[in-house]
Every structure is written in structure tokens, then in C-alpha cells.
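See below for the structure under consideration.
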Amino acid sequence: MVHLSNKLRAAATLLASLSAVNGQTNGSEFGELTQYGGSPPVYPTPNATGLDWATAFAQASAFVAELTLEEKALLVTGTPGPCVGNISPIPRLNFSGLCLQDGPLAIRQATYASVFPAGLSVAASWDRALAKQRGVDMALEFKGKGAHVALGPVAGPLGRSGYGGRNWEGFSPDPYLTGLLFGDTIEGMQSTGLQACAKHYIAYEQETQRNPSVSPDGVTIEAISSNLNDRTMHELYLWPFQNAVKSGVASVMCSYNRINGSYACQNSKTMNGLLKGELGFQGYVMSDWAGTHSGVSSAHSGLDMDMPGGISFLESGTIAHSYFGPNLTAGVENGTIPIDRVDDMCRRIMTPYFYLGQTSYPPIDGGEFALNYWSPSDVDPGVNFTFGPSNVDVRGAHGSLIRELGSAGMVLLKNVDNALPLKTPKIIGVFGNDAGDLTDGLYFGGDADLTNIGFQYGVLPVGGGSGTGRFSYVVSPLDAIKAKAAQQGNDALVQYVLNNTLIVDADGFAIVQPSPPDVCLVFLKTWATEGYDRPSLLVDWNGTAVVETVAASCPNTIVITNSGGLNILPFASNPNVTGIIAAHYPGQEVGNSIVDVLWGAVNPSGKLPYTIALAEEDYAFADITNSSALLETEDPNAWQSDFEERLLIDYRYFDYYNESVQYEFGFGLSYTTFSMGNATVARVGSGSVSALPSNESIVPGGNPALWETLYSVSVSVSNTGSVAGAAVPQLYLGLPQPANEDITPVKVLRGFEKLTLQPGESQPVTFDLNRRDISYWDIYVQDWVIGTSAIGVLAGFSSRDIQATTSFSPLASSGSGGYGGGYGDHSGPWHWSASEGRPSHWGPPKAI
Ligand code: BGC
């Protein structure tokens, strides 16, 4: 009894001190330094109760009841092994351990595996069916290699800054677009029995100082703190993670950064409060690799699994030097960690394992040790992983989806006088260092020389870091062009210069003869990788000058970029640049995917999932935090990134301030044309709509009332051109500005559809709107609330190509009385009315 009360007292004292340890009190030394004070303490961790996963939860509970305390510590602590992350087998209970492998677009270091298009390309495709199928195909490869958990997909970074080094691993800075594609990917992956891991949670928006560093004087300088307010958190950064939880994601990875002063992996507000409380997440939170900075505090704040286990990244051979492991057992024994918390961690880890049927699972590929950073000698001799054959070929027929999705994620930005599709050009000039085959190897995961520059010669099909993939082959654009030219049957010449320096400085263009070619295809790239933010938004390797040089002599210059995000395109208005394709990161079939679009086998249907502004400076509103003073600081808390733009990132910013842009969010040309009919709004369901959701029990995804469809918007879309093509009708809403609240964006995406139409064909499209879609996050009532004024409805083919408008007032009396005519009559922050059309200061019309 005395022993027990001592334990309770110890626990109470600990809880009182945790918030200070975690930087989570408003008045704390850390808290005062952040723009929004500290991150509020939320304890204790909600216990999982198996919502949606009842049978598996019962199995997990029975399993955990059999474990010793030491075995529980093993289950929640990574250990050296064949995979990127490893959980030890417990043979006594027939548990063969867990193998966790990177990453979001491939089983990263594996041989005989496919490299899929990046999340960025999926976002640019706006195609939910392809997103899901990619999830299925990738997952089959992970499973075939014996990986239980894939460390992806990514929705953090969201893409607050275009310079973010990892934006391409995720989808789009628009949370609605990201949320749906994130959820679809997870559902596709988990339909095969693989566990997905939604990462990186949360507000992880820059690589610079993502981890703590040590100053020249030996002071530990803490990682960047992303400082944001509650509404911004809910409406931007948390939004897609809510979709992920709704989609039943098995695990979530907490990120490296701090949030309002508190490290993500020991932030009780974000893990206990938002993820497990508000969103009802029933799976487990694992740390990013060496993103754990404490044992007791992290456990209380909601961290369930410490990866890769050791305190430092590559600590091998033992988990003694771990914040979890033996220190967790010690914590339980000395009363600082309740055994209930450890049991909850274990149940959270084992429930998805049972739910997804992982009790019978393919063995780990025997070749993994050779490809991973651990060696077999690092492993505790008592730990026995089960291996299958080595170098298993898991690629299946996935190349065809990769080729299709690669093209689908390409955006045709400019096409003057039908320069594209190419007919049968006789002299084809190919220029630029992105056109040819790779010279520095087929894997961009570990070469330290790549840094923020990348490699010079060869196509860039995906970016670098843990989100990359080892190619079993790459189809370069030049190879694909040669093959296509040979099929034309007109003895076409393919002439090329792939050295950018030669083109710009030594008249390399003149080497290509006869001159000028019928078409000059200029291939450029932009490297992006984990660990570094991009130094520039221009294309790399002096690519802008390459375009200007080629275009000076070639009146039919077509530019194709392989980039890990947005590029400023100073040559967009050059009259000799007749075509521009943003080809993004399409994966191993890159050349074929590009040729399919260039020659018209595929009619381009990708749309920008971000805004291309006119100049780099236009993005200053949400910059990466960095400076030479910061790089030399001796102040542990110097790195603070205040998200002062709040809700106004990407198109939300440019629209609010009425700024001209080069190519707006949602924009992309086709080889055909489309029109859209009037928009009509219908109430789905009956009765009056309340401002607040009914107070229902939380399920995975949060309050189920948030997901109830309340309205739908219908339009019809017609193909008015002469070839078949896919349209992407988009629905934006102008939500009312609540009193005393942050600036509300002029419009936000709340619906999209991809549909293929034959020439002359029309089809109706209906966008369902659920409660969350038409609400704002009210910081005072701490809930999603429907505003009192009318909601503007703007349907069109991009964020600035609005074709049909109306409005509706959900809180007005039910029935048709709630619908308005135009949308110029309400009090929202509108900058134009329907009759004004597209203001001219939004930039020149696009060449079609
Ligand atoms: C990255 C994660 C990755 C992990 C394992 C970390 O540095 O941030 O995205 O899954 O390493 O490779």
C-alpha cells in the first residue's frame, strides 16, 4: 500500500512537471519565446479502446496480457535488424517481429522493386482512383519483401513554403486535395494487409534545423519550432491527418521539429489532445528516427514506439542506450510511468497487426541486411528475425500504372498554336542535362555529395533522401524520344546536347544540325531532398539560361521540367517557348510518360497542385526560417518559425491579396477544351442545419457528425473540342469571415473530380459537401462551426477560371430559402463579383 501511494505521488509530481519539461506551459521560459505561447499540456494519453477494430483489439489485449514487462519494452522500442525500423520477435508467443521500411514512393533501398511517381505527381494528377491503385501496387511490393509497415504516405510537410526540401514526398499545400489523396493512398495500401504510417506529424515545414545541433561552444541548439495558432493547425496542417485517421491508418510518425516550443514526439497537445483525443486515433505513434528526446515525458505525451530505438540514430548492438527499452521498465518500476500507459502502447501496436491479418505474412527478404545501415553483427544474438529468399522480384506489372500515373501527373502549362502534341517532326533537337541516362548511379538515398545540389547529368525521376527508391531501371527521355522517332517512319533525326554549360557558354546549340530543328525539346530539372531546403525556386544547373539560349535560335522550343515542386518560369512569356510541361517526379517510366504526353498518346490532364507565382520574392510571406546569425547562434531557442501568414498559404495568399501569378493553383491545359454549365446546390438530408455538430462519440476521424454530407453542388461538364480528354472540374467555396477571427481565405478547394469525356460528350458532376467542408474551426468553442453568412460557390477549371457561381446559407431556414442567386451580396471578403469575371490584374490569359 505504501509502495503504491509512493508510486501515485511520484506519478502526480511527474505530471505536474511534465508540461514544463515539454515546454508546454504558457508562462514557461520556452513558451514565452513562441508567438503563440506554449503548447498546452494535455494529459493523460487517451487509452485505445479498439473502436472500429474490436476483434483485433481483443486479440491484441489477450496478446499483451501474456507479455512480461521486459517484452513490453521490446515491443515499443526499435532494435537493430534487417529493416529501417525493427521490432524484435517474441518467439514464445509466435510473434515474428515487425519490419518497417521507407518510404512514400517505393520500398526504398530494395532491389527488384519499382519506383513509383512521387506524391507530388499524384497530387498533380488530381486522380483519386490512380492514387488508390498506386497505394495498392506499392503495398504489394512492401508485403512481397516482408515489410509489415511502410513509412508513408506523407502529409507533413504540407508545403507551406515552396522551398521545402521534402514537399514532393507529400501531395499539395492545399489540405483538402492532400487529405483525400492521403486517405486514398492509405486505404489502397492497407487493403493488401500492409500497415501504412502517416508522417510526419506535425507542422514539419522545413528541413533547415529540423533536428537539434551543437554550437561551436558546445551548446545544444534546439530544433526549429513551428509556431502556429489553433485555427491554422486545424484548417491546414491537421486536416489531412484527420482524413488519414478516418481512413483507418495503422500508425503515425511524429516529426523532428518542435510545435509551439515542444518537440513533436513529446508534445501532449498534438498527440494526446488532437490525434488520440479529438481525432480518435486508435493506432500507434512512432517517433521519427532519433526524434525522441525523452523517455518519461514522451511516454506521457502519447509516444507509443521509439525508433530506431537507440538514443543516437545508428546506435547499434543494444537498446540499453534508449529513452525507451530498459529505461521504460525502470520508469514503470519507479512509478514514473504507469503500466497502463505501457499496456496501451502495446495494444495500440498490436491491434493493426491483428486487424490487417499480419499473423501470417511473407518473410523478410534475405538481402535486406546488405542494403540497410545495420549489419547482422549489430543484432542482439537473442533476436531471431525470419528470412526468406534474397532479391525477391516484387515488381509485378506495376510499370504500366507507373507510366500512366507519370503522365497523369504532368501539367501542360503553355501550348502556343497547337505546338503539342507533336505530329511527325523530322529534325528533333534534345537539350539539357535532364534528358539523358543517369551517370551517378540509380539510387539517391545515401550519397553525401548530392547535398542540396543533386547530380549533374541524367534525368531526375524522383528526389533524394529516405523518400527515394532504388531503380531497377529508368527510361530516360532521350531513349524514349529515340524510340518514338524511329516509329514515325519518316527517318527522323534525333540530335542532342545534354551539357548545359556547353549550351550556354560555348554555343552548343550550333552542334545540332540541320538548324534550327523542327522542335527543340529542353529538359531541365530541380533537385529536392530530405535534409535540405531548396536554395532556389528556379530550375537547377543554369536551366533558365539554357532555355533562353535555345529559344533565341529555335522558334519552337518546348520546355519539360522534372522538379520536386514549383518553379518560377521567367521564360514563360518568351514567344519562342511554345510549350511548357511541368513533369514533376514521375518515377522509373519518366521518359515514356513524357513521350506519351508530347506525342499525344495521352491527352494531358494534370493540374497544378500549387501556385506558380511571377517571382521568387512573391513567396516571402511564408519563408523558410534561416539566417547566418541563426546558423551561428549560441541561443538554444533561437530557431523559431512563426506561421504568421496563418491560413493564407499558396493560392489562399495570392487570392486574398489579389496578386497576379504566372499559373494559378488548379491550372493545366488539355489538347481539347471543356465547358461547364450552371451550378446548383441541393440540401442532402432533411431538417434545419445547426451551426455546431451534434455531440456524438468520437470515432477514428473525430466526431462522425463532421463527415455527414449536408449539401451537394452539381454542374455539368462538356468536351467542346475534337479529341477525348479528361477534365478536372473543381469546386471552391467562399466561406464567411467569422467575427473576431483570423482572416478567412477568399476561397478554398472543397471538391474535385476527374472525368474522361469524348468529343461532344457532357456529364453531370456532383460534389458532396460534408459538415467539415463548410465549417471553420472556432477557437472559442473549440469545434467546427458553420458561419452565419452565405457561402459562395465557385465552380470552374482552376482556382482563377471560375465558370459557375451561386451561394447558399446553411443556417437559413431549410429548403430553397437557403439558396442565393449570385454571391456578391454577402459580407465575405470578396474581391470581385460574378459579373466582373476574371480581373485583368490577375495576369495575362493563358495561351491555349
Ligand atoms: C525521416 C523519415 C524516415 C526515417 C527512416 C528519417 O530521417 O525523416 O521520413 O522514415 O528517417 O529512414
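The values are calculated or read from the model by the stated rules, or taken from the named source; none is laboratory data. All values reported here derive from a predicted model rather than from experimental measurement. For neighbour counting, all protein chains shown are included, and Cβ atoms are generated from backbone atoms with ideal geometry for every residue, glycine included. Remember, those area values only see protein heavy atoms, side chains included, never the ligands or the DNA or RNA. Shrake-Rupley method; radii C 1.70, N 1.55, O 1.52, S 1.80 Å.
List of remarks:
- Net charge in the neighbourhood of CYS265 (other residues with Cβ under 9 Å of its Cβ; Lys, Arg +1, Asp, Glu -1) is -2.
- Couplings 3J(HN,Hα) for segment 643-649, derived from phi with the Karplus relation 6.51 cos²θ - 1.76 cosθ + 1.60 (θ = phi - 60°), are 7, 5, 6, 6, 7, 8, 9 Hz, where x marks Gly and Pro.
- Computed across segment 458-597, the Kirkwood hydrodynamic radius from all distinct Cα-Cα pairs reaches 15.8 Å.
- Cα gyration tensor, segment 603-729 - rounded (a/c under 1.5), prolate or oblate: oblate
- Lysines with Cα under 17 Å of LYS426, excluding same-chain neighbours fewer than 8 positions away: LYS482, LYS484
- Measuring from each cysteine beta-carbon in the chain, the ones with no other cysteine beta-carbon under 4.7 angstrom are CYS197, CYS346.
- Amide H contacts of LEU151: GLN101, ASP102, GLY103, each under 5 Å away and 5 or more positions distant or on a separate chain (H built 1.01 Å from N in the peptide plane; Pro and chain starts excluded).
- Most tightly packed first, judged by the mean number of other beta-carbon atoms within 10 Å of their residues, the peptides 379-385, 587-593 read 587-593, 379-385.
- Residue ranking by accessible heavy-atom surface, 1.4 Å probe, largest first, among ILE581, ILE453 comes out as ILE453, ILE581.
- Where HIS293, HIS300 fall by accessible area, highest first, once all protein chains stay in place (1.4 Å): HIS293, HIS300
- Computed FRET value (nearest 0.05) for TYR43 with ASP768, which takes r as the C-beta separation and R₀ as 35 Å: 0.40
- Distance from segment 112-181 to segment 523-538 (C-alpha centre basis), Å: 18
- Residue-span extension gain [ALA370 to SER312] - 0.36 nm each, minus C-alpha spacing: 18.8 nm
- Accessible surface of VAL519, taken over heavy atoms with a 1.4 Å probe and every protein chain present, rounds to 0 Å².
- Heavy-atom accessible area for SER714, with the other protein chains in place and a 1.4 Å probe, reaches approximately 40 Å².
- Burial order of peptide ranges 606-613, 562-569, 272-279 (average beta-carbon count within 10 Å, highest first): 606-613, 562-569, 272-279
- Relative contact order %, the chain, counting alpha carbon pairs below 8 Å whose residues are six or more apart: 14
- Ligands, DNA and RNA aside, THR220 has an accessible area near 70 Å² when probed at 1.4 Å.
- Net charge in the neighbourhood of LEU314 (other residues with Cβ under 15 Å of its Cβ; Lys, Arg +1, Asp, Glu -1) is -4.
- Distance from segment 399-465 to segment 662-728 (C-alpha centre basis), Å: 33
- Once backbone amide H atoms are built at 1.01 Å from N, VAL699 has no partners under 5 Å, excluding neighbours fewer than 5 places away on the same chain.
- Net charge over other residues, Cβ less than 15 angstrom from the Cβ of GLY193 (K, R count +1; D, E count -1): -1
- Under 22 Å from the Cα of LYS607 - lysines, other chains or at least 8 residues apart: LYS132, LYS414, LYS525, LYS747, LYS754, LYS846
- Whether segment 474-553 is rounded, prolate or oblate, judged on the alpha carbon gyration tensor where a/c under 1.5 counts as rounded: oblate
- Amide H contacts of VAL42 (H built 1.01 Å from N, under 5 Å, at least 5 apart or other chain): SER268, LYS269
- Placing a label point 7 Å from the Cα of SER660 along the Cα-to-Cβ direction, the residues of segment 558-575 with a backbone N closer than 15 Å are 569-574.
- Vicinal HN-Hα couplings computed from phi for segment 251-261 (Karplus, 6.51 cos²θ - 1.76 cosθ + 1.60; Hz; Gly/Pro x): 9, 9, 9, 6, 8, 7, 6, 9, 10, 6, x
- Equivalent ellipsoid semi-axes, segment 340-454, via Cα gyration tensor eigenvalues times 5, rooted, Å: 45, 22, 17
- Phi angles across segment 122-128 convert, under the Karplus curve 6.51 cos²θ - 1.76 cosθ + 1.60 with θ = phi - 60°, into 3J(HN,Hα) values of 4, 4, 5, 7, 6, 10, 5 Hz, Gly and Pro given as x.
- Prolate/oblate/rounded label for segment 302-382 (Cα gyration tensor, a/c 1.5): oblate
- Part-to-part distance (alpha-carbon centres) for segment 192-251 and segment 79-109, which is given in Å: 23
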